[in-house]
Amino acid sequence: MRGDQRSAWGGRYRFLASLEKQLDSLTLAGTWRVLLFSIVAIALADYQLHPTGVHLGTLYMLPICFACWRLSFRVGLAVAAVTALLSVGTCFAIAGEITGAMFGNLALHVLSLGVIAIIVTSLRHSFEREREQARRDYTTGVLTKCAFEQHAGAIVRAGRTDLLLAVLDLDGFKDVNDRHGHGVGDGLLRVFSQGAAAELRAKDSFGRLGGDEFAILLPIVAPDSAPELARTLHRRLSEILAGTGHAVTCSMGALIVPAGDKRPLAELVQAADRLMYVAKHSGKNAVQVATCAPPLDPAGTWLPLASGNGTASLALEKARRTAL
């Protein structure tokens, strides 16, 4: 493919991706406003131009497709029926009488527009399946790094609630790969990921950052409960690993992010990652917890809390000086 052809395809893809993003960003109320406005606008334009021989009934496909894509097949089918009535009603308003042809046109409109609704709904479902598969790590089934950053980043930017960000690494996983092969290692990752996902809620974000390193973002009710939550989560994840039959443990860094903190997710993950390495270098199979302080200066700070065994470590204090 020539460079100009690649550029053209790239431009079309960017346009479609931008359009899809804008459509998905609409609220439910906004979706209904756009839908109703488009139907009314097409109906009025069709009525005005119909005497000139210009028929705009085919444009009703646009609100039908929009309804199926953003709402549901049932709504799209209802829109198809309404727009078919509007199209035939326009003919009646112009002709001033009801003819047999109008009933035939009504049936034809309902059938054709209903088929369009079915096709668009099917495409939407296929699109959602493909997009969800692309967001999932092939080996473990959890979010990919990119998908985790998108999902968790949106939650952090919203700033509506306190958060617990955990970065964890599996201790001894490399030995499993070296002794038993990557097939066994992949199986261990799958068992761990499935077990960890079962411990989390639907609103929590769980992704694989790469290799045997994972990240979890949990909305929490209050920062005071976060340290115990982090230790409980570490204990449950350790129990999942113990059930695999391999000598693999978990080192975790957990960062408490107060609501309204506007620092980007990448900086927060980096800080949690440093905490995780503190836990790993302090003997592994542990959790280090810290909290973000309010960003009083552009650089920001974070404060150490108790480590996994309940005492603050010197290593954590050293890491604090370089974090965020």
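Among residues of segment 247-268 that are under 30 Å from ASP178 (Cα atoms), those with a beta-carbon under 6 Å from a residue that is among the hydroxyl-bearing types (Ser, Thr, Tyr) at least six positions away or on a different chain give the pairs CYS250/SER238. On the given criteria, is ILE220 surrounded by fewer than 22 Cβ atoms within 10 Å (Cβ to Cβ) and among the β-branched types (Val, Ile, Thr)? Considered against the rule, which asks whether it is surrounded by fewer than 22 Cβ atoms within 10 Å (Cβ to Cβ) and among the β-branched types (Val, Ile, Thr), ILE220 comes out as yes.
If you go through segment 49-76 and keep only what is assigned to a helix (DSSP H, G or I), open to solvent by 40 Å² or more (accessible area, probe 1.4 Å) and either closer than 20 Å to LEU26 by Cα or modelled with pLDDT of 85 or more (or both), you end up with LEU59, MET61, LEU62, CYS65, TRP69, ARG70, PHE73, ARG74.
Looking across segment 132-144 at every residue that is among the charged types (D, E, K, R) and either open to solvent by 80 Å² or more (accessible area, probe 1.4 Å) or at pLDDT below 70 (or both), the one that is nearest to GLY195 (Cα to Cα) is identified as ARG136.
In segment 268-281, the count of residues that are over 17 Å from ALA226 (Cα atoms), out of contact with any Lys or Arg (no Cβ under 9 Å at 6 or more places or on another chain), part of a loop (DSSP other than H, G, I, E, B) and of a type in the set (Ser, Thr, Tyr) is zero. Taking segment 127-211 and the helices (runs of 4 or more DSSP H) fully enclosed by it, the elements with 3 or more residues that are under 24 Å from LEU255 (Cβ atoms) are at 145-158, 182-199. Within segment 191-205, the set of residues being in contact with a Ser or Thr (Cβ under 6 Å, 6 or more places away or on another chain) and among the hydroxyl-bearing types (Ser, Thr, Tyr) comprises SER193 only. Just to be sure before I move on: is ALA254 over 18 Å from GLN194 (Cβ atoms), open to solvent by less than 30 Å² (accessible area, probe 1.4 Å) and part of a helix (DSSP H, G or I) in the structure I sent? Answer is no for this residue. You will find that of ALA279, ALA272, ALA290, the residue that is at pLDDT 90 or above, surrounded by 19 or more Cβ atoms within 10 Å (Cβ to Cβ) and more than 27 Å from the chain's Cα centre (by Cα) is ALA279 and no other.
The set of residues in segment 227-246 being open to solvent by 40 Å² or more (accessible area, probe 1.4 Å) and touching a residue at least 24 places away in the same chain (Cβ under 8 Å) consists of LEU229, ARG231, ARG236, GLY243, HIS246.
The values are calculated or read from the model by the stated rules, or taken from the named source; none is laboratory data. Because the structure is a prediction, the values reported are computed rather than measured. Heads up, the Cβs are rebuilt from the backbone with ideal geometry, glycines too, and the neighbour counts pull from every protein chain shown. The protein model used for the area step is the full one, side chains on, heavy atoms only, and it has no ligands, DNA or RNA in it. Shrake-Rupley method; radii C 1.70, N 1.55, O 1.52, S 1.80 Å.
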